[in-house]
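Enquirer: Can you keep this structure in mind? I'll have questions shortly.
The values are calculated or read from the model by the stated rules, or taken from the named source; none is laboratory data. All of these numbers come straight from a predicted model, not from anything done at the bench. Cβ placement follows ideal geometry from the backbone for every residue including glycine, while neighbour counts extend to all protein chains displayed.
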Amino acid sequence: ARMAPPRQRVATAALTAAAALAAAATAVGAAAVLGSAGDETCSASEAAACAAAEPGPAGLEAAGAPGPSCGCGSLRRGDFGPSDVAAAQAKPASLPAQQGHLRGDGGEAEEEAAVVWLAGGKFVMGIVPEDESDHTISPMDSEGPAHEETVAAFGLGKYEVSNRRFARFVEQTGYVTESERFGWSFAVEAFISPEVNATITQQVLAAPWWLPVDGADWRHPNGPDTSIDGIMDHPVTQVSLADAQAFCSWSRPGGRLPSEAEWEFAARGGRRQRRFPWGNSVLTGKSRNRHRMNIWQSEVDKQLLKAGRVTNLYAYGDRSTALVKEYYSSRNTAEDGYRGTAPVDAFGPQNALGFRNMVGNVWEWTSTAWTRHPRAPPAEPNSMVKKGGSFLCNPATCNRFRCSARMLFTADSAASNVGFRCAYAAEGRSSAGPPGG
């Protein structure tokens with residue numbers, strides 16, 4: 001596995017993302033705006049590696065990059081890991097346990113019982129016509145071509161699994177997550193304390209705002225001096241594929257992760273082909289409740305809106321990484337109400353089936369192996385599909401908070417913006433079909 005180079009700060013001189021984009025929006029050439037002397041993203045010794053890791057849009061597919069994103073597509077535990085990865089994985093994941101059901105306060109029982117039962121059927125899966133010409137959607141994501149899929153009857157959790165529910169699972173089973181066994185995980189620099197930040201010596205080369213943090217795990221999502229106190233109703237994060245599968249198997253008979261097709265069928269509300277669970281617009285109306293999901297907002301967005309355009313920061317070639325780092329270093333204005341994750345029941349139902357936070361908030365694991373074509377074999381071992389986008393998504397960086405959006409994530413990796421919800425076998429249940437349309 002490729003080890004990341006020693007951590008190096010990205011220098012942007014006095015040029016901020018907001019200023020650069022404001023200038024670009026007033027028709028100043030991108031090369032003139034972004035080519036200031038001394039504005040370097042990498043040292044001379046790392047120039048070749050950075051050129052490969054930070055391609056412009058034309059080079060995304062050739063370089064095998066994940067495309068415009070919040071950077072979490074570049075997170076691979078194997079690129080950092082402890083010296084003896086096999087030994088870390090061999091540590092016992094849990095103590096002997098029996099299947100259990102949650103009983104607790106604070107809405108925990110209600111959350112557990114909230115399963116939407118779907119009759120299944122045929123639907124059109126993949127990119128919608130409105131997105132086919134969108135240059136911010138990377139061909140590497142393989143959202144297309146749109147194609148017909150059929151799903152059998154199944155149940156899916158109305159909510160993402162919360163910290164409270166996962167804590168009860170750990171309490172009853174003694175389960176130890178993979179991040180705990182490895183001793184570290186990925187978090188975003190803006191959420192890491194200065195004290196912990198000062199001890200970190202590596203960064204993700206293609207996304208230097210993401211850092212490997214010792215002591216980051218589900219109890220301490222942004223480092224050892226953070227905790228889930230006060231956010232027990234937020235989605236659990238820092239969980240690997242195996243961690244999510246273990247919880248779902250324990251939660252009730254037939255528990256498992258949804259397939260990508262099941263997840264998308266549920267997000268679309270059945271057979272409707274649309275960008276978001278509720279329709280085709282990011283915001284709905286002009287009321288104070290127009291926000292339907294938890295994504296990132298910043299002063300950069302206000303500059304773009306004032307200029308009358310939305311520009312993806314990845315349009316600036318080898319300067320893109322520096323701009324995106326600046327973007328995620330700036331304050332999240334939290335116009336949707338949340339700077340980081342939001343409660344699993346935030347924002348109300350996103351579609352007529354009642355699902356919450358299918359898009360935005362945290363990415364969600366699926367049981368589907370990553371492929372670059374609907375009928376192709378898995379692209380590489382250990383790589384899975386995650387769906388839904390996260391609180392870090394935004395049209396300026398990561399336009400993946402849509403029903404068809406997808407991203408590769410290695411099964412043993414975990415991050416502060418990745419969680420899950422559980423699916424269940426439909427045998428013995430009365431299934432409710434999707435609304436017509």
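Enquirer: Determine the pairs where a residue that is closer than 15 Å to ARG356 by Cα, located within segment 113-124, has a partner that is part of a strand (DSSP E or B) and of a type in the set (Asp, Glu) with Cβ atoms under 7 Å apart, the partner being 6 or more residues away or on another chain.
Expert: That search, which allows pairs on different chains as well, returns nothing.
The rows are residues; the columns are (1) surrounded by fewer than 18 Cβ atoms within 10 Å (Cβ to Cβ); (2) without any contact (Cβ under 8 Å) to a residue 40 or more places away in the chain; (3) closer than 11 Å to GLY223 by Cα; (4) more than 21 Å from the chain's Cα centre (by Cα).
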residue	(1), (2), (3), (4)
GLY155	no, no, no, yes
PHE166	no, no, no, no
GLU171	yes, yes, no, yes
PHE186	no, no, yes, no
VAL196	no, yes, yes, yes
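Enquirer: Here is a further query. Residues VAL236, VAL213, VAL282: which one is under 26 Å from VAL324 (Cβ atoms) and crowded, with 24+ Cβ neighbours inside 10 Å? Outline the logic, then answer.
Expert: Working: VAL236 fails: under 26 Å from VAL324 (Cβ atoms); VAL282 fails: crowded, with 24+ Cβ neighbours inside 10 Å.
Exactly one of VAL236, VAL213, VAL282 is under 26 Å from VAL324 (Cβ atoms) and crowded, with 24+ Cβ neighbours inside 10 Å, namely VAL213.
Enquirer: Next up: Only one of these is among the basic types (Lys, Arg) and either at pLDDT below 85 or surrounded by fewer than 16 Cβ atoms within 10 Å (Cβ to Cβ) (or both): ARG402, ARG406, ARG429, ARG421. Name it.
Expert: Details: ARG402 fails: either at pLDDT below 85 or surrounded by fewer than 16 Cβ atoms within 10 Å (Cβ to Cβ) (or both); ARG406 fails: either at pLDDT below 85 or surrounded by fewer than 16 Cβ atoms within 10 Å (Cβ to Cβ) (or both); ARG421 fails: either at pLDDT below 85 or surrounded by fewer than 16 Cβ atoms within 10 Å (Cβ to Cβ) (or both).
When all the criteria are applied, what remains is ARG429.
Enquirer: Filtering segment 364-381 down to residues that are in contact (Cβ under 8 Å) with a residue 60 or more places away in the chain and assigned to a loop (DSSP other than H, G, I, E, B), which residue is surrounded by the most Cβ atoms within 10 Å (Cβ to Cβ)? Please lay out each step first, then the result.
Expert: Within segment 364-381, the subset in contact (Cβ under 8 Å) with a residue 60 or more places away in the chain is 364-368, 371-374.
Of the ones still in play, those that are also assigned to a loop (DSSP other than H, G, I, E, B) are 371-374.
Numbers: THR371: 18, ARG372: 13, HIS373: 11, PRO374: 16.
Among those that are in contact (Cβ under 8 Å) with a residue 60 or more places away in the chain and assigned to a loop (DSSP other than H, G, I, E, B), it is THR371.
Enquirer: Checking GLU180 against (1) buried (at least 19 other Cβ atoms within 10 Å of the Cβ); (2) touching a strand residue (DSSP E or B) at 6+ places or on another chain (Cβ under 8 Å); (3) not in a helix (DSSP H, G or I), only one condition comes out false. Which one?
Expert: (3)
Enquirer: Do you know which residues across segment 351-363 are assigned to a loop (DSSP other than H, G, I, E, B) and either within 12 Å of the chain's Cα centre (by Cα) or under 22 Å from VAL239 (Cβ atoms) (or both)?
Expert: Quick first cut of segment 351-363, residues assigned to a loop (DSSP other than H, G, I, E, B) only: 351-362.
Listed by number, the residues that qualify are PHE355, ARG356, ASN357, MET358, VAL359, GLY360, ASN361, VAL362.
Enquirer: Among the residues of segment 313-357, which ones are at pLDDT 85 or above, charged (D, E, K, R) and surrounded by fewer than 21 Cβ atoms within 10 Å (Cβ to Cβ)?
Expert: Residues satisfying the conditions are ARG339, ASP345.
Enquirer: Separate question: For VAL204, which of the numbered conditions (1) within 22 Å of VAL324 (Cβ to Cβ); (2) surrounded by fewer than 19 Cβ atoms within 10 Å (Cβ to Cβ) fails to hold?
Expert: Of everything listed in (1) within 22 Å of VAL324 (Cβ to Cβ); (2) surrounded by fewer than 19 Cβ atoms within 10 Å (Cβ to Cβ), VAL204 misses just condition (2).
Enquirer: Give the residue, chosen from THR410, THR397, THR371, that is of a type in the set (Ser, Thr, Tyr) and over 16 Å from the mean Cα position of the chain (by Cα). I'd like the intermediate steps shown before the answer.
Expert: Working: THR410 fails: over 16 Å from the mean Cα position of the chain (by Cα); THR397 fails: over 16 Å from the mean Cα position of the chain (by Cα).
After applying the criteria, what remains is THR371.
Enquirer: Still on this model: When MET384 is evaluated against the numbered criteria (1) under 14 Å from the mean Cα position of the chain (by Cα); (2) in a loop (DSSP other than H, G, I, E, B); (3) surrounded by fewer than 23 Cβ atoms within 10 Å (Cβ to Cβ); (4) not β-branched (Val, Ile, Thr), which criterion, by number, is the only one it fails?
Expert: Every listed condition holds for MET384 apart from (2).
Enquirer: Quick check on my filter: what residues within segment 239-261 are buried (at least 18 other Cβ atoms within 10 Å of the Cβ), charged (D, E, K, R) and more than 16 Å from the chain's Cα centre (by Cα)?
Expert: ASP243, ARG252
Enquirer: Let me ask you something else. Only one residue in SER367, SER298 is of a type in the set (S, T, N, Q) and at pLDDT below 80, so which one is that?
Expert: Values: SER367 fails: at pLDDT below 80.
Every option except SER298 fails the conditions.
Enquirer: Could you list, in sequence order, all residues of segment 199-236 that are out of contact with any helix residue (DSSP H, G or I) (no Cβ under 7 Å at 6 or more places or on another chain), under 21 Å from ARG331 (Cβ atoms) and among the small types (Gly, Ala, Ser)?
Expert: Listed by number, the list holds a single entry, GLY230.
Enquirer: Is it true that ASN222 is within 23 Å of MET407 (Cβ to Cβ), among the polar types (S, T, N, Q) and either out of contact with any Lys or Arg (no Cβ under 6 Å at 6 or more places or on another chain) or modelled with pLDDT under 95 (or both)?
Expert: On the way: within 23 Å of MET407 (Cβ to Cβ): yes; among the polar types (S, T, N, Q): yes; either out of contact with any Lys or Arg (no Cβ under 6 Å at 6 or more places or on another chain) or modelled with pLDDT under 95 (or both): yes.
Criteria met by ASN222.
Enquirer: Return only the number of the condition from (1) farther than 28 Å from ALA190 by Cβ; (2) in contact with a strand residue (DSSP E or B) (Cβ under 9 Å, 6 or more places away or on another chain) that ALA246 does not satisfy.
Expert: For ALA246, the exception is condition (2).
Enquirer: Considering only segment 114-141, state which residues are modelled with pLDDT under 75 and either crowded, with 18+ Cβ neighbours inside 10 Å or not in a loop (DSSP other than H, G, I, E, B) (or both). If you could, list the steps in order and put the result at the bottom.
Expert: First pass over segment 114-141, keeping only residues modelled with pLDDT under 75: 129-141.
Correct list: PRO129, GLU130, ASP131, THR136, ILE137, SER138, PRO139, MET140, ASP141.
Enquirer: Which condition from (1) crowded, with 21+ Cβ neighbours inside 10 Å; (2) over 16 Å from TYR338 (Cα atoms); (3) of a type in the set (Gly, Ala, Ser); (4) modelled with pLDDT under 80 is the one that GLY308 breaks?
Expert: Unmet condition: (1).
Enquirer: Also, I was wondering about something else. List every residue pair whose Cβ atoms sit under 8 Å apart, with the two residues 6 or more apart in sequence or on different chains, where the first one lies in segment 329-340 and is farther than 13 Å from CYS393 by Cα and the second, anywhere, is of a type in the set (Val, Ile, Thr) and surrounded by 15 or more Cβ atoms within 10 Å (Cβ to Cβ).
Expert: Once the first residue is farther than 13 Å from CYS393 by Cα and sits in segment 329-340, its partners that are of a type in the set (Val, Ile, Thr) and surrounded by 15 or more Cβ atoms within 10 Å (Cβ to Cβ) give SER330/THR16; SER330/VAL300.
Enquirer: Return the only residue of LEU205, LEU156, LEU211 being at pLDDT below 95, in a strand (DSSP E or B) and not hydroxyl-bearing (Ser, Thr, Tyr). Walk me through how you get there before you give the answer.
Expert: Numbers: LEU205 fails: in a strand (DSSP E or B); LEU156 fails: at pLDDT below 95.
Within the list LEU205, LEU156, LEU211, the selection yields LEU211.
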